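Below is one structure, written out as structure tokens; comments come after it.
The values are calculated or read from the model by the stated rules, or taken from the named source; none is laboratory data. Fair warning: this is a prediction, and the values are worked out from it, not measured in the lab. Every residue, glycine as well, gets a Cβ built from its backbone with ideal geometry; the counts of neighbours run over all protein chains shown.
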Amino acid sequence: MSSKNVLTRSSRKRADALLAEGRLPEAAELYRKICRSDKRNTDARVMYAVAQLRRDNLEDAECSCLNALKIDRNHALAHHVLGSVLERQDRLSEAITEFRQAISLRPGFANAHLFLANALARQGENREAENGYLKALSLEKGFVPAMAGLGLLYNNIGQSGAAEKWLKEALAIEPGNTEILIHLGQALAFQGRDGEALRVLEQAIQSDPDSYGANYTLGNIFTRMGRYDDALECYRKADRIRPNDEYAIGAQAHVLERRGQLDDALGLLEPFIASGSTHEGIVLPFAELSMQRDNDDEAIHLLEQALSSNTTGQQTRIEIHYKLGKLLDRAGDYDRSFEHYRKANELTCHAVGQVKGVDTIERQAERVVRRMETCDRAFWHALARAGNCSEKPVFVVGMPRSGTTLVEQILASHPRVYGAGELTAVEEIARLLFPGARYQSSYPDGLAGLTGQVLERHAVRHLRQLQLLSDTASRVVDKCPHNFMHLGLISLLFPNAHIVHIAREPLDTCTSIYFQLFTPQHAYACDLARLGQYYGLYRKLMEYWNRVLSIPILNIRYEQLVAEPEQVTRSLVEFCGLDWDDRCLEFYATKRDVNTPSYGQVRQPIYTKSVSRWKHYQAHLRPLMKALDTLPPYD
């Protein structure tokens, strides 16, 4: 062996050691020297690219990979590292091509399968991404990054139970892994297990107090819970960890805008807007803020710029299309508005429909409808009930976008009422009573096998939670709309609860849903025909509950509420067993955090402009109208 080869091998060994120690500038310099002395050394060029990639010197890294591939087109690692460089630059299509090439050259390359799956997931190709992660795991058992990737993927498509499984397996291998703890916290929060989610994220922060991701994600969960003070504290800490980060700045602005602190929100965003930023973390909250400041034209321009960027990811494109639809609707440009809504929903359908097995709200409603004949009036009257006499729970139900937030805000303006937002407690109780597959096979008919003591135990636990939310309120409002599927269970848990059902004209309701971004659990919302079919399930269930349950249900029409607000509000307050209070008519003056898409509307007096809004889009709604044709008229 020549002395030159010995020297090269010695230098390479030293460079690899420096890279492993994280001494990146020294490693890069040594790899560069090897490349100069050995013009055909592809491995050194690839490792030089790795060092530069880790230093964020992406141009040098890309150039070095391309030089290596000029020497050897079949160098699998060179293709893989080039793919990694391209993905870091958000050139996802090019990156995917390189990862596929690496795999074709080396089929057992687990890391290439992992990176390909990551890039596919970013593009919304969820089924292929899932296959990629599973392939990586088949090649390398206990491959923690692939487990974490599956967890993140399943979180994004609404399969939080599957996400939890994989993430807990990964944690068993790497108990202190901060990133996995973050994803697990998200999975638990998506299942409504907020207490567990908070504990997991606090564990992540204890493990790494300076973790941007842990603080930012904890802020997101607090925002979802409506705990805005805590959310702002987390976002501000994330901003201190990573100064001027667009996501952390935008998240703060989003919370402030929701609270009506518009000037403060704008003050955070303006420096970025002035510098020409089209980053999603900035332009999305700016667009929402612009709608409250009548500055729609600038927001449209910025969103269109962001949409035209090749680096904009799939989820961001979805959100931008929804925002542009909303802005153009306000401008009266209904055809262009609908086109953006249509694109947003097509992308959403593609993203949420690829991976099967999600127990969507639609499927849950279908199961209850199928059991209506066997669970008749005699069935419900014969069941055991909890023994509590509490009138504290108030359940406001209906379709999303039907006026549930408005009803909650009216009631929460009463000094004896606390508005809790959309709680997940009732579905959680149902799943605890019927764990695993039993929820799909035995609910609600399996309620016949429960004793009053079992029901009382779950009811008392929930009442304690309501007491923690407010120890002074005599009524606590849960406005989770799809609790309309669980009214039978509610009647058993809380025989003296107050159930308020608000209905809105079907075409107005469904059009408004189609124009709103929902979670994957609401997969029906992105297809007009399915949306109409789901509305039919809802109507059947509400007619059924009104027929078979003995617990009183107050049925309100949205159109009557906005046309005769005092009359309907008085009947609502009386139904809930409350004395009249004039503040219920001035609900828009009530200062409280509202964490639903209707948060801006409840800060205004009642208006009627949402009535018959669907007519602006009539030419585009034929699949929806056909699906609704089979329903009885809405009176």
Open item on the list: Being more than 34 Å from the chain's Cα centre (by Cα) and assigned by TED's automatic domain parsing to the domain that holds Leu120 is true for just one of Ala102, Ala68. Which residue is that?
Closed with: Ala68
TODO: Please specify each residue of region 533-562 satisfying the condition of being closer than 19 Å to Pro506 by Cβ and either among the acidic types (Asp, Glu) or part of a loop (DSSP other than H, G, I, E, B) (or both).
DONE: Glu543, Glu559
Open item on the list: List the helices (runs of 4 or more DSSP H) inside region 270-373, counting only whole elements, that have at least 1 residues being within 27 Å of Phe484 (Cβ to Cβ) and polar (S, T, N, Q).
Closed with: 334-352, 361-370
Task: Selected residue (only one of Leu116, Leu69 is part of a helix (DSSP H, G or I), crowded, with 17+ Cβ neighbours inside 10 Å, touching a Lys or Arg at 6+ places or on another chain (Cβ under 8 Å) and at negative phi) - done: Leu116
Open item on the list: Please pick out the residue among Leu184, Leu137, Leu120, Leu188 that is over 22 Å from Asp90 (Cβ atoms) and in the same structural domain as His80 (by TED's automatic domain parsing).
Closed with: Leu137
TODO: Test Asn74 against the stated conditions and say whether it is touching a Lys or Arg at 6+ places or on another chain (Cβ under 6 Å) and either of a type outside the set (A, V, I, L, M, F, W, C) or assigned to a helix (DSSP H, G or I) (or both).
DONE: no
TODO: Report yes if some residue within region 517-525 is at pLDDT 95 or above and at negative phi; otherwise report no.
DONE: no
TODO: Answer yes or no as to whether Gly313 is of a type outside the set (A, V, I, L, M), modelled with pLDDT of 90 or more and either within 21 Å of Thr519 (Cα to Cα) or surrounded by fewer than 22 Cβ atoms within 10 Å (Cβ to Cβ) (or both).
DONE: no
Open item on the list: Glu422 - would you say it is in a loop (DSSP other than H, G, I, E, B), modelled with pLDDT of 95 or more and of a type in the set (Asp, Glu)?
Closed with: no
Open item on the list: Being of a type in the set (S, T, N, Q) and touching a strand residue (DSSP E or B) at 6+ places or on another chain (Cβ under 8 Å) narrows it down to one residue among Ser441, Ser402, Ser390; which is it?
Closed with: Ser402
Task: Selection from region 563-582 of residues that are free of Cβ contacts under 8 Å to residues at least 60 places away in the same chain, in a helix (DSSP H, G or I) and not acidic (Asp, Glu) - done: Ala563, Pro565, Gln567, Val568, Arg570, Ser571
Open item on the list: With the structure loaded, tell me whether Ile249 is in contact (Cβ under 8 Å) with a residue 12 or more places away in the chain, over 28 Å from Cys480 (Cβ atoms), surrounded by fewer than 19 Cβ atoms within 10 Å (Cβ to Cβ) and over 16 Å from the mean Cα position of the chain (by Cα) or whether it fails that test.
Closed with: no
- [ ] Considering (1) farther than 29 Å from Leu92 by Cβ; (2) buried (at least 18 other Cβ atoms within 10 Å of the Cβ), say which one Leu303 fails and leave the rest.
- [x] (1)
Open item on the list: Can you tell me which condition Leu406 does not meet? The list is (1) within 24 Å of Val368 (Cβ to Cβ); (2) surrounded by 17 or more Cβ atoms within 10 Å (Cβ to Cβ); (3) not basic (Lys, Arg), and all the others hold.
Closed with: (1)
Task: Residue, nearest to Glu21 (Cα to Cα), within region 37-88, restricted to residues that are β-branched (Val, Ile, Thr) and in contact with a His (Cβ under 9 Å, 6 or more places away or on another chain) - done: Val46
Open item on the list: Which pairs turn up if I take residues in region 318-335 that are touching a residue at least 60 places away in the same chain (Cβ under 8 Å) and look for partners that are of a type in the set (Ser, Thr, Tyr) with beta carbon separation below 8 Å, at least 6 apart in sequence or on another chain?
Closed with: Ile318/Thr348; Tyr322/Tyr341; Gly325/Ser337; Gly325/Tyr341; Lys326/Ser337; Asp329/Ser337; Tyr334/Tyr617
Open item on the list: Considering only residues that are farther than 22 Å from Arg55 by Cβ and surrounded by 14 or more Cβ atoms within 10 Å (Cβ to Cβ), which ones fall in region 72-91?
Closed with: Asp72, Ala76
- [ ] Report yes if some residue within region 163-171 is touching a residue at least 24 places away in the same chain (Cβ under 8 Å), crowded, with 24+ Cβ neighbours inside 10 Å and within 18 Å of the chain's Cα centre (by Cα); otherwise report no.
- [x] yes
Open item on the list: For region 487-517, give me each residue that is within 30 Å of Leu624 (Cα to Cα) and either assigned to a loop (DSSP other than H, G, I, E, B) or in contact with a Cys (Cβ under 9 Å, 6 or more places away or on another chain) (or both).
Closed with: Gly488, Val500, Arg504, Glu505, Tyr514, Phe515, Gln516, Leu517
